Every structure is written in structure tokens, then in C-alpha cells.
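Chemist: Okay, here's the structure, questions in a sec.
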Amino acid sequence: MLICILAIDNGSNMIYNSSMSYLAYKTQLKLNNQQTTLMRQCAGYGRWVWNWALDFKQKAYKEDIKLTKSQLRKYYTNHVKPLYPWQSILSSRIYQYVFIDLDEAYKRFFKGIAKHPRFKKKGKSSHSFTIDAGGKPINLGGKLHKLPFFGWIKTYEKLPICSTKKITFSEQGGDWFVSFFMEVDFLPTPKIREKVGVDLGISKLATLSSGMVFENPKAYTKALKRLARLQRDLSRKVFQSKNWYKAKLKVAKAHRKVADLRSNSIHHLTSYLAKNHSQIIMEDLNVSGLIKNRHLSKALSDAAFGMIRTQVEYKSSRYGSSLVLAFRFFPSSQLCSNCGHRQKMPLSVRVYDCPSCNVKLDRDLNASLNLEQYESTAVGLTALRFVDGVLPTVPCEANSKHQSRLSRFG
Ligand SMILES: [Zn+2]
């Protein structure tokens, strides 16, 4: 199992210095039966505390008592934990992190970016828990690692020598994984091109104004088909029978394969963009708005535009490039990248055929070229520019050469 560098989804909490960044690692563990049982017990402990805390918090809230994270933890440690001796066998770090996680979940809920925290159900919710070494660094490296509470544990693949403060264990489709953050000092990379326009697509993952095309991997389409078949198989089994569980595990594994393939191809694209270009110009797509369109929804969520944007954001700050998001209504596919002529371009038309300068270009390439010239074209429009993770609004400079083009859509 490959180490995969995950998208850092809680980007808002991350501090992006010029080149200091966090890498998230996730890799599969090689456990014996005893260790697997212990992992399950720990995950069960975490789930138990989560449900207790959520229930207690809700009951208190009904009586108009708002409990802070530390009040809740204190009450639990002094009055609840002693009642359940089995909990003292397991690592106490597990429940400490449950209170932190629950607090974070509530914060996200109050900010309106997540649903209300829910109770966790055995077999339904994902099994995961976090531990640390009580403030001491956890050293990792090679294939055998000494972890707090668990002792020596193997991974299938060699990890780079590093240290981290906390580690999270999780179960996916019957396998256990460890994930952690690592602070890495990134150096800006030499760039092969100043500006690049990126047109994100449905049939192709991305078309670059340099002429490069990133296709959706074939293995991905294949894996999707297999997943659909396995899901059909599962639906024909007797609910909760032995064969049903077997089929369910297969579905979970196929799901993971699909997600891994998708994530790999997206990482490949976004790393290439951030490492080799000084400025990356992409459309600011209203992804959630597009997904409401039922017809396109599957293909769009597959291409995972949101994931691409997040990754380009954090990777460009790592490698010393910047991201410009083109105004949402910038007609990148309707303009001629050569002369600025504008015409309607229905989705079925794959070639841009310009009547005013007779240029014939692939539709996606034309759009990416327009994006590359975005800042000089879009005078007066406001570009959102991410430089080192900060988001100032930069009014674009006027460019007399393109004034005439502007009047057509300004
Ligand atoms: Zn033209």
C-alpha cells in the first residue's frame, strides 16, 4: 500500500509559512490477531466515550448548561470512568482526544460547515481513534515502529525517519491504517513555465495551456464498474448473513480502490502544476452549484474539482508558485484565445472554430489558453489571488491591448 499524501482538509487551521508545511501520511499497518483485537477495543472505547459525551452534552444543553471541553472531561474522569474498570486497561489518551474531536465537531457545526455531531454506531461509523505519547515526540522510520501504548507495530512499507506528536488509527474495509502529520520544510522548485491556464473537464481531468492533457485513468473507470457489480451482488444477499458480510467487505475494499485511484491521479496533476509553474490560473467553479445538475453530478464529483483546487492551493504555497482563480463568470470556453471573438459554445461542440480569425482549436485547449491570459483580459474584474496561502484581493492592471476584447463581455 502506497503512502498517500492526503489533502489537508482543515486548511483553515493550517499555518502556511513561505515554505514550512505539513505532510499528512497514511499507511497500512501489518497487525497480528492480538494487535487487531486491541485496535478494535480501542476504537470501541473511543466510540463509547464519544456517545457518552455527546449524550451528556445534549442533556446538559436542554437544561441550559453549556459545558466546555475541559468541564466535560473533568466530570468524565472523576465520576464516570471509575465506574467502568475495563476502560482503565486501555490508553487514557484515547478519551482525551475524543473530547477534543467532539469540541471540534461542535465548532464546525456552529460555523455552519458541518452537520450536528452524531452518535457512532458499531459497524456503521468509521472506526478510528487518536493517541499521543503524552507530549513526547513519537519517532517513526523504517518498517518497525515503537508506538505509545501498543509497543512494536509493523507497517507494510518503509516510512521516512520522522517524528510526530500524535497518531490516528483507522479501519477501512477490514484493514487498519495509521495516519499522522509531519512538519516538512519545502524548497521552491525551478519552474519550466511562467503561467499556465488549467481547464478542468469531465471527459479529461485537465487540459493545460501548455498543451498537456491529464486524462482520467482507465483503471478508475474499470474500478467503478467493478464497484457497481459488487454492490449489486451485495443487494442480493440475505441481510446480515455470513455471505452478506463477506460481500460487504468486498464493496468496502472496492470503494477504497476507487478513492485511491482518484486521489492518486489528482495528486499527480496538482503536484505537476505547483512544481513547474510560477502562476496557475484556474476557473473558480461553483462546484456545489454544478453538482445540483443531476445529469453531470456523477462525472463532476468524480473529477473532484474541489479536491484539485484545495491541493493546488496548498501545494503552490509549498513550491513557491501562486494560484489565481478566474472570476466565476469568465467565459473561458466562449472566447477565441487568438483574437478575442466571443461566440456561444454548447457542450457538444468540441472544436473552437473562430469565424473572425479562422483559428481552429480543441475546445478545452482554447479555454485553458484563455485562462492563461486571464489577468490581461479580465481588466476590471477582480481576481482572487492566493500567495503563500493569504488571500488579498488584487484588482487587475489595465492592459490597453485587450481593452477592445473586454468591451465585449465587460
Ligand atoms: Zn479568433
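The values are calculated or read from the model by the stated rules, or taken from the named source; none is laboratory data. Computed from a predicted model, the values in this text were never measured in an experiment. Here Cβ is always computed from backbone atoms with ideal geometry, including for glycine, and neighbour counts include all displayed protein chains.
Chemist: Can you tell which of Arg226, Arg256 is charged (D, E, K, R) and farther than 19 Å from Lys124 by Cβ? Walk me through how you get there before you give the answer.
Modeler: Numbers: Arg256 fails: farther than 19 Å from Lys124 by Cβ.
Exactly one residue qualifies, and that residue is Arg226.
Chemist: Sticking with this structure for a sec: For Phe329, indicate whether it is among the aromatic types (Phe, Trp, Tyr) and touching a Leu at 6+ places or on another chain (Cβ under 6 Å).
Modeler: Answer is no for this residue.
Chemist: List every residue pair whose Cβ atoms sit under 6 Å apart, with the two residues 6 or more apart in sequence or on different chains, where the first one lies in the stretch 339-360 and is assigned by TED's automatic domain parsing to the domain that holds Gln373 and the second, anywhere, is exposed (fewer than 12 other Cβ atoms within 10 Å of the Cβ) and assigned to a loop (DSSP other than H, G, I, E, B).
Modeler: From residues that are assigned by TED's automatic domain parsing to the domain that holds Gln373, the pairs are Cys339/Cys357.
Chemist: For the stretch 41-98, give me each residue that is over 16 Å from Lys122 (Cβ atoms), of a type in the set (D, E, K, R) and touching a strand residue (DSSP E or B) at 6+ places or on another chain (Cβ under 9 Å).
Modeler: Arg93
Chemist: Within the stretch 118-167, track down each residue that is within 22 Å of the chain's Cα centre (by Cα) and either surrounded by 15 or more Cβ atoms within 10 Å (Cβ to Cβ) or farther than 30 Å from Lys248 by Cβ (or both).
Modeler: His127, Ser128, Phe129, Thr130, Leu159, Thr164, Lys165, Lys166, Ile167
Chemist: Here's something else I'd like to know. Could you check the stretch 61-98 and list, in sequence order, the residues that are assigned to a helix (DSSP H, G or I), hydrophobic (A, V, I, L, M, F, W, C) and closer than 22 Å to Leu147 by Cα?
Modeler: Of the stretch 61-98, the ones assigned to a helix (DSSP H, G or I) are 61-62, 69-83, 85-89, 93-98.
Still in the running and hydrophobic (A, V, I, L, M, F, W, C): 72, 80, 83, 86, 89, 94, 98.
Matches in the stretch 61-98: Trp86, Ile89, Ile94, Val98.
Chemist: Identify the residue in the stretch 63-112 that is aliphatic (A, V, I, L, M) and farther than 25 Å from Gln41 by Cα and, among all such residues, is surrounded by the most Cβ atoms within 10 Å (Cβ to Cβ).
Modeler: Kept after step one, since they are aliphatic (A, V, I, L, M), are these residues of the stretch 63-112: 65, 67, 72, 80, 83, 89-90, 94, 98, 100, 102, 105.
When the remaining residues are screened for being farther than 25 Å from Gln41 by Cα, the result is 65, 67.
Values: Ile65: 10, Leu67: 16.
Restricting to residues being aliphatic (A, V, I, L, M) and farther than 25 Å from Gln41 by Cα, the top hit is Leu67.
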